[in-house]
Amino acid sequence: MHLTAPPAVVWIARKLEEHGFETWTVGGAVRDGLAGRPSGDWDMTTRARPKDIRRVFKRTVPVGIDHGTVGVLARDGTMYEVTTFRRDVETDGRHAVVSFADRIDDDLARRDFTVNAIAWHPLTERLHDPFDGRGDLERGLLRTVGEPAERFREDYLRVLRAFRFAGRFGLDIDEATWSALSEVTDRLRGLSAERIRDELLKVLDTDASPSRALGLYAASGALAALYPELDDFREREPVGPGPSGWDLACAVVDSLPVGNALLRLGALLKPLGDEPAAQLLFRLRLSNAQVDRTLRLVAAPALPDPGAPDAAFRRWLSGVGRDVWPASARLELAYARTRRSLGVDDGADPDAVVGAWRTARRVRDAGPPLAVGDLALDGRGLISLGLRPGPRFGEILGELLDWVLEDPSRNQSELLVERVLAMEARDRV
């Protein structure tokens with residue numbers, strides 16, 4: 001094992017130590033480095049109080065002064081969080097009241113799992129591991145710091161963090177920890193939607209194989225407590241031989257690359273259908289734009305057959321929308337390839353999906369009008385024809401778009417005006 005801290009981390013630690021404040025690196029960077037993974041954000045903990053940190057460094061950001069966290073800006077402008085040693089005073093399962101401490105051991109003792117309770121000194125390169133977190137990593141074990149039931153009562157979010165860490169690092173949850181977390185999954189409903197959402201998105205964003213963490217959600221009862229739509233889907237009996245719909249969806253999620261949580265979420269929710277997916281997404285309080293994009297991905301129809309007329313591809317492109325075209329095709333291909341790899345004989349053909357998407361791109365690249373905004377006649381044009389603005393405008397423009405999708409050469413203002421006049425005459429009859 002060899003950890004190498006960024007020069008800025010060494011600089012921050014040295015300045016604090018020179019002023020008499022013991023300083024360590026903690027958290028994900030230490031854990032990931034010990035696990036042989038690239039180290040991410042480097043967080044530091046110190047005996048210095050926030051006012052001391054701000055006195056030692058000229059450029060700081062009050063990230064969370066009340067909780068002891070100060071952002072220190074390195075010479076290149078990168079911010080590193082430095083937090084005063086802390087210990088818990090009072091907890092209620094959702095929030096903790098903390099006080100500052102003078103010992104690194106007090107700070108490590110309040111952490112959730114042994115693999116996260118390891119400190120490394122960037123100047124002496126000494127590892128401080130009072131709870132044998134490194135040994136647990138080597139044994140492939142996830143266990144709490146101290147008594148499991150007490151750790152989870154302090155913050156029920158730790159249940160979801162257990163799933164994430166076990167899945168990401170391929171760890172087995174030790175028996176006492178599993179028993180304690182399984183007994184409190186019903187308490188997870190009391191967590192804020194934002195905290196629940198963020199844990200799921202972290203699994204989908206960073207885990208190479210989210211199915212393991214998702215399986216732990218299901219086995220513990222957390223899936224039923226937080227995502228009943230998914231749990232109902234998981235319990236459906238498979239139709240015919242082969243994997244269940246849940247197993248297939250999880251395998252598709254695994255096949256998609258890390259770094260695109262919403263694409264993976266769309267893959268997981270697609271078999272649910274529009275209404276259950278919408279209920280789940282709104283409950284998680286995603287942004288309106290994220291909900292809209294994910295729902296359109298869930299609702300997107302399959303690509304036309306590769307040999308279908310160009311008009312069919314124009315209608316598919318128009319219905320799915322410019323910002324969802326590639327993701328929808330990618331999901332369809334992922335499902336087809338996963339079905340084939342799992343031996344599902346339902347006619348899904350990855351080669352046909354690839355051929356259809358190539359046709360769709362050719363049609364798209366020709367630049368046809370695909371949205372109402374692409375029409376050569378707009379609302380002002382309708383007003384100039386003597387029509388009154390109102391809901392009818394949307395109906396007229398929608399009908400014009402459908403007419404133009406059939407033949408893009410019709411997208412000329414004169415032809416569209418003639419079409420509108422004919423529509424109005426037809427509707428007056």
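The values are calculated or read from the model by the stated rules, or taken from the named source; none is laboratory data. Bear in mind that the values here come from a model prediction, so they are computed numbers and not experimental data. Glycine also receives a Cβ, built like all others from the backbone with ideal geometry; neighbour counts cover every protein chain displayed. With ligands, DNA and RNA removed, areas are computed over all heavy atoms of the protein, side chains included. Shrake-Rupley method; radii C 1.70, N 1.55, O 1.52, S 1.80 Å.
Only one entry in Ala267, Ala312 is at negative phi, touching a residue at least 24 places away in the same chain (Cβ under 8 Å) and either of a type in the set (Gly, Ala, Ser) or part of a helix (DSSP H, G or I) (or both), namely Ala267. Every listed requirement among (1) free of Cβ contacts under 8 Å to residues at least 40 places away in the same chain; (2) under 23 Å from Ser255 (Cα atoms); (3) surrounded by fewer than 12 Cβ atoms within 10 Å (Cβ to Cβ); (4) not basic (Lys, Arg) is met by Gly343 save one, (1).
Hey, could you check segment 98-130 for residues that are aliphatic (A, V, I, L, M) and more than 23 Å from Ala176 (Cα to Cα) and say which is modelled with the lowest pLDDT?
Checked segment 98-130; the qualifying residue modelled with the lowest pLDDT is Val98.
The residue pairs whose first member lies in segment 57-85 and is within 19 Å of Ala5 (Cα to Cα), whose second member is open to solvent by less than 20 Å² (accessible area, probe 1.4 Å) and polar (S, T, N, Q), and whose beta carbons are closer than 8 Å, counting only pairs six or more residues apart or on different chains, are Glu81/Thr69; Val82/Thr23; Val82/Thr45; Val82/Thr46; Val82/Thr69; Thr83/Thr45; Thr83/Thr46; Thr83/Thr69.
Go over the candidates Ile196, Ile173 one by one and state the one that is closer than 22 Å to Arg111 by Cα, surrounded by 20 or more Cβ atoms within 10 Å (Cβ to Cβ) and in contact (Cβ under 8 Å) with a residue 60 or more places away in the chain. So that I can check it myself, show each step before the final result.
Details: Ile173 fails: in contact (Cβ under 8 Å) with a residue 60 or more places away in the chain.
Ile196 is the lone residue from the list that is closer than 22 Å to Arg111 by Cα, surrounded by 20 or more Cβ atoms within 10 Å (Cβ to Cβ) and in contact (Cβ under 8 Å) with a residue 60 or more places away in the chain.
Looking only at segment 238-247, decide whether some residue is in contact (Cβ under 8 Å) with a residue 12 or more places away in the chain, outside any strand (DSSP E or B) and under 30 Å from Gly33 (Cβ atoms). Within segment 238-247 (the criterion being in contact (Cβ under 8 Å) with a residue 12 or more places away in the chain, outside any strand (DSSP E or B) and under 30 Å from Gly33 (Cβ atoms)), the answer is no, since none of the residues qualifies.
Based on what the data block shows, is Asp66 more than 30 Å from Val184 (Cβ to Cβ), over 26 Å from the mean Cα position of the chain (by Cα) and either open to solvent by 10 Å² or more (accessible area, probe 1.4 Å) or not small (Gly, Ala, Ser) (or both)? Full working, then the answer.
On the way: more than 30 Å from Val184 (Cβ to Cβ): no; over 26 Å from the mean Cα position of the chain (by Cα): yes; either open to solvent by 10 Å² or more (accessible area, probe 1.4 Å) or not small (Gly, Ala, Ser) (or both): yes.
It is false that Asp66 is more than 30 Å from Val184 (Cβ to Cβ), over 26 Å from the mean Cα position of the chain (by Cα) and either open to solvent by 10 Å² or more (accessible area, probe 1.4 Å) or not small (Gly, Ala, Ser) (or both).
For segment 190-202, state whether one or more residues are touching a Gly at 6+ places or on another chain (Cβ under 9 Å), over 23 Å from Ala261 (Cβ atoms) and either outside any helix (DSSP H, G or I) or polar (S, T, N, Q) (or both). No, segment 190-202 contains no residue that is touching a Gly at 6+ places or on another chain (Cβ under 9 Å), over 23 Å from Ala261 (Cβ atoms) and either outside any helix (DSSP H, G or I) or polar (S, T, N, Q) (or both). Within segment 199-225, the set of residues being closer than 20 Å to Leu188 by Cα, open to solvent by 10 Å² or more (accessible area, probe 1.4 Å) and touching a Lys or Arg at 6+ places or on another chain (Cβ under 7 Å) comprises Lys202, Ala218, Ala225.
Just the residues that are in a helix (DSSP H, G or I) and more than 23 Å from Thr294 (Cα to Cα), please, taken from segment 318-349. Spell out how you get there, then give the answer.
Taking segment 318-349 and keeping what is in a helix (DSSP H, G or I), we get 318-320, 325-341.
Of everything in segment 318-349, those that are in a helix (DSSP H, G or I) and more than 23 Å from Thr294 (Cα to Cα) turn out to be Arg340, Ser341.
The single condition among (1) of a type outside the set (Gly, Ala, Ser); (2) part of a helix (DSSP H, G or I); (3) surrounded by fewer than 19 Cβ atoms within 10 Å (Cβ to Cβ) that Arg285 does not meet is (2).
Inspect all residues belonging to segment 218-228 and state whether any of them is modelled with pLDDT under 95 and either among the aromatic types (Phe, Trp, Tyr) or under 21 Å from Arg330 (Cα atoms) (or both). Even if it seems obvious, please write down each step before you answer.
Here is the first cut: in segment 218-228, the residues modelled with pLDDT under 95 are none.
No, segment 218-228 contains no residue that is modelled with pLDDT under 95 and either among the aromatic types (Phe, Trp, Tyr) or under 21 Å from Arg330 (Cα atoms) (or both).
In segment 234-282, of all residues being within 19 Å of Ser341 (Cα to Cα) and within 13 Å of the chain's Cα centre (by Cα), the one that is most open to solvent (accessible area, probe 1.4 Å) corresponds to Pro257.
For segment 296-305, the set of residues classified as in contact with an Asp or Glu (Cβ under 9 Å, 6 or more places away or on another chain) and either surrounded by fewer than 19 Cβ atoms within 10 Å (Cβ to Cβ) or aromatic (Phe, Trp, Tyr) (or both) consists of Arg296, Ala299, Ala302, listed by residue number. In the condition set (1) more than 26 Å from Leu262 (Cβ to Cβ); (2) open to solvent by 10 Å² or more (accessible area, probe 1.4 Å); (3) at pLDDT 95 or above, Arg164 is compliant with all but (1). Inside segment 373-408, residues that are open to solvent by 70 Å² or more (accessible area, probe 1.4 Å) and closer than 21 Å to Phe313 by Cα make up a count of 3. Out of the residues in segment 1-53 that are within 24 Å of the chain's Cα centre (by Cα) and among the basic types (Lys, Arg), state the one that is surrounded by the most Cβ atoms within 10 Å (Cβ to Cβ). Ranking the candidates gives Arg31 first. Residues in segment 34-92 that are of a type in the set (D, E, K, R), farther than 30 Å from Asp132 by Cα and in a loop (DSSP other than H, G, I, E, B): Lys58, Arg59, Arg75, Asp76.
Applying the criterion of being within 24 Å of Asp88 (Cα to Cα) and in a loop (DSSP other than H, G, I, E, B) to the residues of segment 132-150, the residue that is nearest to the chain's Cα centre (by Cα) is Arg143.
Within segment 83-98, one or more residues are within 23 Å of Glu199 (Cα to Cα) and crowded, with 22+ Cβ neighbours inside 10 Å.
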